[in-house]
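The values are calculated or read from the model by the stated rules, or taken from the named source; none is laboratory data. Remember, it's a predicted structure, so these values are computed and weren't measured experimentally. Cβ atoms come from the backbone with ideal geometry, glycine included; neighbour counts cover every protein chain shown. Surface accessibility is based on the protein's heavy atoms, side chains included, excluding ligands, DNA and RNA. Shrake-Rupley method; radii C 1.70, N 1.55, O 1.52, S 1.80 Å.
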Amino acid sequence: MTIDEIISFVSGLDGVLTQTPTPGDGTPELSWGDTFFFYAPDGAAQATAQPFATITTKNYPGDETSRLDRPDIFRVNIAAGKEAFIRWTGHTPRRPTRAKADPSATDAVFAHPVYGAAGWLAVINPGKHTEASTRDLLRTAHHLARTRHERRARSAGC
């Protein structure tokens, strides 16, 4: 899967707001070129909204273990929920694993090296082994984000 294929797939899900920061749009320089997916059926992300998935194309401070500084490397980060996290890692998000997956391996699903404790999964350059799984995890993350949005809207009386 290419970055463009992932963006097209996720952007095609209902209510998705896709943001790819660029120079001059008021976003931090570090985020330029990365992509963030929000569930925002009205087309505007809430100020406190968190993305349900992202694509990162470079190392961030404190997040260098995936070695995203290699040529043509990117990582899809997915908030697919506790059940999917357990299914893929064999443990709950907040519980450390005994055998850690290589966070720089391509075409493999693993606990996000920084946000794994929050239940995020990651895939570097999804390929033949993980393309279908990546799509399923992105659908799950989208569903969970939509469910959270709808629950918040009901509790706010909207």
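Things to note:
- Residue in the stretch 1-28 that is farthest from the chain's Cα centre (by Cα), counting only those that are among the charged types (D, E, K, R) and modelled with pLDDT of 95 or more: D14
- Within the set A122, A111, the sole residue that is more than 23 Å from L13 (Cβ to Cβ) and open to solvent by less than 50 Å² (accessible area, probe 1.4 Å) turns out to be A111.
- Candidate set: the stretch 109-158, residues that are within 14 Å of the chain's Cα centre (by Cα) and part of a loop (DSSP other than H, G, I, E, B); chosen: the one nearest to F74 (Cα to Cα): N125
- Selection within the stretch 54-103 - of a type in the set (S, T, N, Q) and either surrounded by fewer than 13 Cβ atoms within 10 Å (Cβ to Cβ) or in a loop (DSSP other than H, G, I, E, B) (or both): T57, N59, T65, S66, T92, T97
- Per the listing P28, P23, the residue uniquely without any contact (Cβ under 8 Å) to a residue 24 or more places away in the chain and touching a helix residue (DSSP H, G or I) at 6+ places or on another chain (Cβ under 8 Å) is P23.
- Scanning the stretch 31-48 for residues that are surrounded by 17 or more Cβ atoms within 10 Å (Cβ to Cβ) and touching a Leu at 6+ places or on another chain (Cβ under 9 Å) yields F36, F37, F38, Y39, A40.
- Contacts under 9 angstrom Cβ, first residue in the stretch 64-83 being on the phi > 0 side of the Ramachandran plot, partner of a type outside the set (S, T, Y) and in a loop (DSSP other than H, G, I, E, B), 6 or more apart: R67/N59; R67/I73; R67/P103; D72/N125; G81/G119
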